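Worksheet: one structure, shown below.
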Amino acid sequence: MALLSVDELTVTFTQRGRRDVKAVSGVSFDVDQGQVVGLVGESGCGKSVTSLALMGLLPSRGVRTGGRADFDGTDLLTLSPKGMRDLRGSQLAMIFQDPLSSLNPVVPIGVQVTEILARHRGMKGEAARREAASLLDRVGIPDPTRRLKEYPHQLSGGMRQRALIAMAVACAPRLLIADEPTTALDVTIQAQILELLRELVDEEGTALLMITHDLGVVAGLCDQVNVLYAGKVVESAERRELFDAPTHPYANGLLGSIPRLDAPRGEPLRPVRGSINDTIAWEDGCAFAPRCDHYTLECLKGTPALEEPRKPGHQVRCVNPVLSDGAAGLRESALPGPDEVPGTEADGEGGPAVDEPVEKTEPAEKDAAVGTAGTAEKEAGA
Amino acid sequence: MSLLQLNGVKVHFPVKKGILFDRTVGHVYAVDGVSLSVEPGQTYGLVGESGCGKTTLGRAVLRLVDITDGEVVFDGTDLAKLPDEEMRRFRRRLQMVFQDPLGSLNPRQNIESILSEGMEAHGIGADQEERRERIRKILARVGLPAGALSRYPHEFSGGQRQRIGIARALVLEPDVIICDEPVSALDVSIQAQVINLLEELQQEMGLTYVVIAHDLAVVRHISDVVGVMYLGSLVEEAPSDMLYAEPRHPYTRALMSAVPVPDPEVEDNRERILLTGDLPSPANPPAGCRFHTRCPWKQDTLCTTDRPELRDLGGGHRVACHWAEEIADGRISPTHNAAQVVPAGHEEHGGHAGHAGPAEAGAVKTEKAATAAE
């Protein structure tokens, strides 16, 4: 059984007199020992709220959680505050995005690290200080004994993040949650921190839940990747599979949006149109439909289910998945019949192809995004 | 002829101390001798990490900060010595797009007022009606509805606000637009929309851009020429593709190897040069080559004593490294003295460790034989 098994997690923010906001609406994933699982998405997709829910850090008022999150047989969502305090820091640990605001500015680093050792490992005095120094040394902070006496503002951004990681690994947690651990850092420092996290996973067998918006970081670090959109997992696959064959139009669009360092210059980007504000409720259909270039009326018939149109283990929540690796046969079998959408012969090219957008605003981008599959489909329809 | 030429531009900020009398106790050498030229219709990309002086340099071109020394020649006129009023008039031709789209728009002004203010100041358009007509055209071009005119900045999303910032620059018909981190505050899908918009506008209107960003992938994507900055000076400058194919400065190579590429195949197989330590403080920069405290290829001679000048290696490739050729040929190999990310007790304090943190001696971890790459 997986170390952490999240099943249909929902988080709803409620406020009297206002409509409820469903930040997370049914997220499921597993994390195994020694595995790095990525949660990827843009702002507002619910990735951080998921991590806060798992750590029991959401405020108790005005928040409703549902579903299950089994950590080694214990449901984290229903655990008492006392039970949660015992787990947090020792079994579960978290690294936050902004290292300066996650450290107490008026307490020396050493005290902040030894606090955890005292709470969970009962260490005191000189022994705790020695252990704290060796932890700082472990995460690559030079001259650790001197650093123990320093305050957070005396450390650089990279050092602060290292100190936070030292605190997180102080009790050898079995699950580490890293919420955008490198977003506030420069790339060369980011590379150092990612290397450190990779070492921790390799050497200690810690399970790592990596929350990030950066697909580049995911490509280098994660074993399993979950792409989130509007509070639901829209695609989940093993790392190589996801990058080789992004199948959900959103995942596909995200990859097309990123300027790649190794791509030849002059190749235009293929952005996802619209913004996160153009979202419909999952109950009414696919939340991504208003921004999707493959959108058909089929998309508005309730929440699409997670299916495996390509390979077992590669889950996609989409009615009209992009199967853009040129495998036209595969694509045909995955698509519904081409007779359901009225009035889509917009450009008079071929028959009523299913993946013609009903609302066609940016034809150039659409063509690019559909890529080879679109052409294949048109040929098939003609 | 170059449209914009910078010759030895320096921007030093005084560090003051004292309660009653301000004494200048030192300087922050934010920009310390940068020379570069931007051709008309081109995009010049400035890239570097935080604190390298790229933003200050951009602001210095518009004289939004005082230039300590050097020339900024725009279309034959040295802006650095221009009286304030004349400079103000020149700013119509040199516009800026800022990083934080919300922070750079006045929350109490509606979009029409924001966009027409600059036109009024520069006497463009006979009356408000004519100006409004022009604003409508530009708004449509940057992809905003005409109804936006009477709305306020908070009513727009981040991407739309950045479009407003771009429209504000465009209504004045500038020659050069300086984009300071134009997309770093935006989500990736929105980022791509704005990047594409900037590229389309350049093609249609023949604009010249100076794009300042920390993201090397973004800069490389939109720039014709890329300049890499480190601690106040240019360390390397080359046409975009050449820089990627043959980075010559050790810092550029390290920077490039640190940028994550969204492709597992590439990520698993590429050379990784992990720099140790942090950027030294620009108030107390190291002597000699400013990168020598973190450089894996540091040599005992020259590096610590002589500051390298930008040298032309041919084909528009300029690099500020004493040993660029030797490193490229593999005659100098990086020091393999780091088995861990940062070796224990491997701290070397020069006089340069400022508040930014310690700068350890250059230690490198190369997962492949780094020099074999070329």
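Restricting to region A:271-290, and then to whatever is at the interface with chain B (Cβ under 8 Å from one of its Cβ atoms) and surrounded by fewer than 24 Cβ atoms within 10 Å (Cβ to Cβ), can you tell me which residue is modelled with the highest pLDDT? It would help to see each step written out before you state the result.
Narrowing region A:271-290 to residues at the interface with chain B (Cβ under 8 Å from one of its Cβ atoms): A:271-273, A:275-277.
Next, only the ones that are surrounded by fewer than 24 Cβ atoms within 10 Å (Cβ to Cβ) stay: A:273, A:275-277.
Numbers: A:R273: 85, A:S275: 82, A:I276: 80, A:N277: 79.
Step by step, filter region A:271-290, then rank; the result is A:R273.
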If I ask for residues that are open to solvent by less than 40 Å² (accessible area, probe 1.4 Å) and among the acidic types (D, E), which ones from region A:18-64 would you list? A:E42
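Look at A:R119 and say whether it is within 31 Å of the chain's Cα centre (by Cα) and either assigned to a loop (DSSP other than H, G, I, E, B) or surrounded by fewer than 21 Cβ atoms within 10 Å (Cβ to Cβ) (or both).
yes
How many residues does region B:82-94 hold that are of a type in the set (A, V, I, L, M, F, W, C) and either crowded, with 20+ Cβ neighbours inside 10 Å or touching a strand residue (DSSP E or B) at 6+ places or on another chain (Cβ under 8 Å) (or both)?
Taking region B:82-94 first, the residues of a type in the set (A, V, I, L, M, F, W, C) are B:82, B:87, B:90, B:94.
Now restrict to residues that are either crowded, with 20+ Cβ neighbours inside 10 Å or touching a strand residue (DSSP E or B) at 6+ places or on another chain (Cβ under 8 Å) (or both): B:90, B:94.
Number satisfying all stated conditions: 2.
Return yes when B:A140 is open to solvent by less than 40 Å² (accessible area, probe 1.4 Å), among the small types (G, A, S) and either closer than 30 Å to A:G44 by Cα or not in a helix (DSSP H, G or I) (or both) and no when it is not.
Working: open to solvent by less than 40 Å² (accessible area, probe 1.4 Å): no; among the small types (G, A, S): yes; either closer than 30 Å to A:G44 by Cα or not in a helix (DSSP H, G or I) (or both): yes.
So B:A140 does not fit the description; no.
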Across region A:32-81, what is the total count of residues that are over 10 Å from the mean Cα position of the chain (by Cα), under 30 Å from B:P262 (Cβ atoms) and not in a strand (DSSP E or B)? 12
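Residue-by-condition table, conditions (1) surrounded by fewer than 18 Cβ atoms within 10 Å (Cβ to Cβ); (2) outside any strand (DSSP E or B):
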| position | (1), (2) |
| --- | --- |
| B:M1 | yes, yes |
| B:V11 | no, no |
| B:G45 | no, no |
| B:R63 | no, yes |
| B:A80 | no, yes |
Going through region A:135-161 one residue at a time, which ones are open to solvent by less than 60 Å² (accessible area, probe 1.4 Å), more than 9 Å from chain B (Cβ to nearest Cβ), part of a helix (DSSP H, G or I) and out of contact with any Lys or Arg (no Cβ under 7 Å at 6 or more places or on another chain)? A:L135, A:R147, A:R160, A:Q161
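In region A:291-307, how many are assigned to a loop (DSSP other than H, G, I, E, B) and either within 14 Å of another protein chain (Cβ to nearest Cβ) or surrounded by 14 or more Cβ atoms within 10 Å (Cβ to Cβ) (or both)? Steps first, please.
Initially, region A:291-307 is screened for residues assigned to a loop (DSSP other than H, G, I, E, B), giving A:292-296, A:301-306.
Right, trim to either within 14 Å of another protein chain (Cβ to nearest Cβ) or surrounded by 14 or more Cβ atoms within 10 Å (Cβ to Cβ) (or both) and you get A:292-296, A:303-304, A:306.
Residues that pass the stated criteria total 8.
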Picking from B:V73, B:V97, which residue would you name as being touching a residue at least 40 places away in the same chain (Cβ under 8 Å), under 30 Å from B:D187 (Cβ atoms) and surrounded by 15 or more Cβ atoms within 10 Å (Cβ to Cβ)? B:V97
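Out of all the residues in region A:238-250, which are within 11 Å of chain B (Cβ to nearest Cβ) and either surrounded by 24 or more Cβ atoms within 10 Å (Cβ to Cβ) or assigned to a loop (DSSP other than H, G, I, E, B) (or both)? Please lay out each step first, then the result.
If we filter region A:238-250 for residues that are within 11 Å of chain B (Cβ to nearest Cβ), which is where we start, we get A:238-244, A:246, A:250.
Passing the criteria: A:L242, A:P246, A:Y250.
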Which of the residues spanning region A:216-235 are closer than 12 Å to A:G38 by Cα and open to solvent by 10 Å² or more (accessible area, probe 1.4 Å)? A:G220, A:L221, A:D223, A:Q224
Residues of region B:227-258 being in contact with a Lys or Arg (Cβ under 6 Å, 6 or more places away or on another chain), within 10 Å of chain A (Cβ to nearest Cβ) and more than 21 Å from A:G266 (Cβ to Cβ), which ones? B:S257
Hits in region B:254-272 - residues which are surrounded by fewer than 24 Cβ atoms within 10 Å (Cβ to Cβ) and either in contact with a strand residue (DSSP E or B) (Cβ under 6 Å, 6 or more places away or on another chain) or farther than 21 Å from A:R260 by Cβ (or both): B:S257
With the condition kept exactly as written, say whether any residue in region B:168-182 is within 14 Å of chain A (Cβ to nearest Cβ) and open to solvent by 20 Å² or more (accessible area, probe 1.4 Å). no
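For region A:135-153, give me each residue that is over 26 Å from A:L209 (Cβ atoms) and either at pLDDT 90 or above or among the hydrophobic types (A, V, I, L, M, F, W, C) (or both).
Selection gives A:P144, A:T145, A:R146, A:R147, A:L148, A:K149, A:E150, A:Y151, A:H153.
Can you confirm whether B:S104 is out of contact with any Leu (no Cβ under 7 Å at 6 or more places or on another chain), closer than 29 Å to A:D278 by Cα and not in a loop (DSSP other than H, G, I, E, B)?
On the way: out of contact with any Leu (no Cβ under 7 Å at 6 or more places or on another chain): yes; closer than 29 Å to A:D278 by Cα: yes; not in a loop (DSSP other than H, G, I, E, B): no.
So B:S104 does not fit the description; no.
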Looking at A:L76, A:L100, can you tell me which residue is open to solvent by less than 10 Å² (accessible area, probe 1.4 Å) and within 30 Å of A:R162 (Cβ to Cβ)? A:L76
Residues in region B:185-192: is at least one under 13 Å from B:Q95 (Cβ atoms), buried (at least 19 other Cβ atoms within 10 Å of the Cβ), in contact with a helix residue (DSSP H, G or I) (Cβ under 7 Å, 6 or more places away or on another chain) and in contact (Cβ under 8 Å) with a residue 24 or more places away in the chain? no
Region B:100-118, residues that are among the aliphatic types (A, V, I, L, M) and surrounded by fewer than 18 Cβ atoms within 10 Å (Cβ to Cβ): B:L102
Which members of region A:172-201 meet the condition of being more than 15 Å from A:G140 (Cβ to Cβ), open to solvent by 20 Å² or more (accessible area, probe 1.4 Å) and not aliphatic (A, V, I, L, M)? A:R174, A:T183, A:D186
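Where in region B:157-260 are there helices (runs of 4 or more DSSP H), lying fully within it, with 2 or more residues that are more than 14 Å from the chain's Cα centre (by Cα)? Spell out how you get there, then give the answer.
On the way: elements: B:158-170, B:188-205, B:216-222, B:240-245, B:250-258.
Because the criterion is at least 2 residues that are more than 14 Å from the chain's Cα centre (by Cα), the helices (runs of 4 or more DSSP H) in region B:157-260 that meet it are B:158-170, B:188-205, B:240-245, B:250-258.
The values are calculated or read from the model by the stated rules, or taken from the named source; none is laboratory data. Just so it is clear, the model here is predicted, and its values are computed rather than measured. Cβ: placed from backbone, ideal geometry, glycine included. Neighbour counts: every protein chain shown. What goes into the accessible areas is simple: the full protein's heavy atoms, side chains included, and nothing from ligands, DNA or RNA. Shrake-Rupley method; radii C 1.70, N 1.55, O 1.52, S 1.80 Å.
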